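All of the numbers you see were taken from the coordinates with simple rules; none came from a lab. Keep in mind that this is a model prediction, so the values were computed, not measured. For neighbour counting, all protein chains shown are included, and Cβ atoms are generated from backbone atoms with ideal geometry for every residue, glycine included.
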Amino acid sequence: MSACYLTFDAEFKWANNRFWKEGDKPWVPMMSGGLLAMSKQWWDELGGYDPEMRGWGGENIDQSLRIWMCGGEIVSVQDSYIAHMWRDNSNSKTVAKYHAVGDPKRNRWRAASAWLGPFKDVVLKYPEFRRFQRGPAEDLSSYDDVKQRLHCKSFASYIERFSDIYFKSGVLPTYTFALESLQHPGYCLTAHDLKLGHAQVAEGKIGIEKCDGMSRMQTWHHANREHTREDDYENPASFHSLRLYQSDQTVRYHDGKFDTSVAVIDGSDPSQTAVWKKASVQGEQGRQGERMQRKGRIMLQGYDQCLSVASESGTLFLAGKSCMQVQEHAIPLPPKNRLPLWKKIDVTKSKERRIYERLKKKEKREKERQEKIEAGVR
């Protein structure tokens, strides 16, 4: 099934049927390329393809956003079958018989520029889109007619329509942070040799390195739904995993080893369990209490192991340690530096979240203004 979701580097990731609710239509937030069918009337209403896109890539993003933001909907026809043969240049049956043209990244950038509004500034933060920071602005006049004629909504409305993905699964994070080990102060959870962006790698390495406030390999956020709790995207306990910011890589613990793998955003992969459990601090109030809220432990698969830092011959490495040994009020009380506690540092509201909140405030002011005008007319 070809249901995908849109990431903030104008890429699409597979979601399949993980967010369908019983009795609901099989919604498709984002189509994969080439797997669509619609009436010619609706195709003409939407304005067809962007004439400035060249070659393949990005057209599915443009079409999906046109449909959802301009009054349509996309559903999966579950009794249909479509074959897609992936091209393999070593196989004469699938080798391309044409010369590829165009620039898929530019096509994706055009789709983002046309439909994401101020969220396109987030796209420019990804390395593969930096070249568009300096180039001339895209001519998007071909989009004007359909936007005006169909009264297309904002990208914020698209995010809210698929809040199960963006809010409840952490694809749009509220806060980002680094994680400093309190066993070994000054050392932080670190991803190794990863490219920022989505669909870059299938898995990656992870370890513990000196904290560096400028390192994007140490910037994390809570992600993937935690089904044992109520949905509350402001509460870290509502999330199942830790995800590297601006990446699809999530902390994974399996066979006693740590690495990263592509996020399973519905939280169904137990190996990606990395649930934040705040430190139990009694009697702390005010700012001291707020600071203590940033201290906690990270519970792994099965909830009986906690993320810890071990040392051997002067080398630090990640390890799993029984959570029964790490309770803050255990008897006898362990030495403080033996508790595998972590501290959130460099806590920052994500750029995506700041943009979203600004848009909602603007919408609220506009709504209040319209209500005053209508009240005056009455």
If you take the alpha carbon radius of gyration of the range 68-161 and divide it by 2.2 N^0.38 Å, what ratio comes out, to two decimals? 1.45
Check which residues have an amide H placed less than 5 Å from residue 309's amide H, if you skip close sequence neighbours. 319
Can you pull the one-decimal nm distance between simple spin-label points at residue 138 and residue 77, each 7 Å off the Cα toward Cβ? 2.8
Given points 7 Å out from each Cα along the Cα-Cβ axis, report the residue 14 to residue 52 separation in nanometres with one decimal. 3.3
Using the beta-carbon distance between residue 372 and residue 157 and R0 = 30 Å, what value does 1/(1 + (r/R0)^6) give for FRET efficiency, to the nearest 0.05? 0.85
Please order 27, 14, 68 by the number of other Cβ within 10 Å, starting at the fewest. 14, 27, 68
Holding the Cα-Cα limit at 27 Å, pick out from 13/168; 93/205; 295/362; 13/295 the pairs that are longer than that. 93/205; 295/362; 13/295
Determine the shape class of the chain: with a ≥ b ≥ c the square roots of the Cα gyration tensor eigenvalues, call it rounded for a/c under 1.5, and otherwise prolate if a/b is greater than b/c, oblate otherwise. prolate
If each residue of separation counts as 0.36 nm, what is the full-extension length gain between residue 195 and residue 312 once their alpha-carbon separation is subtracted? 39.2 nm
Along the range 198-205, Karplus-curve 3J(HN,Hα) (6.51, -1.76, 1.60; θ = phi - 60°) to the nearest Hz, with x for Gly and Pro, reads 10, 6, 9, 9, 7, 7, x, 9
When each of 105/361; 105/343; 25/153 is checked by Cα-Cα distance, pairs over 30 Å: 105/361; 105/343
Each label sits 7 Å from Cα toward the beta-carbon; between residue 100 and residue 145 the label points are separated, in nm, by 3.2
Site residue 209, offset 7 angstrom along Cα→Cβ, radius 20 Å on amide nitrogen, limited to the range 242-266, gives 242-253, 258-262
Just want the ordering: 30, 299, from fewest to most Cβ atoms lying within 10 Å of their own Cβ. 299, 30
For a quick check: sort 211, 306 by the number of other beta carbons within 10 angstrom, fewest at the front. 211, 306
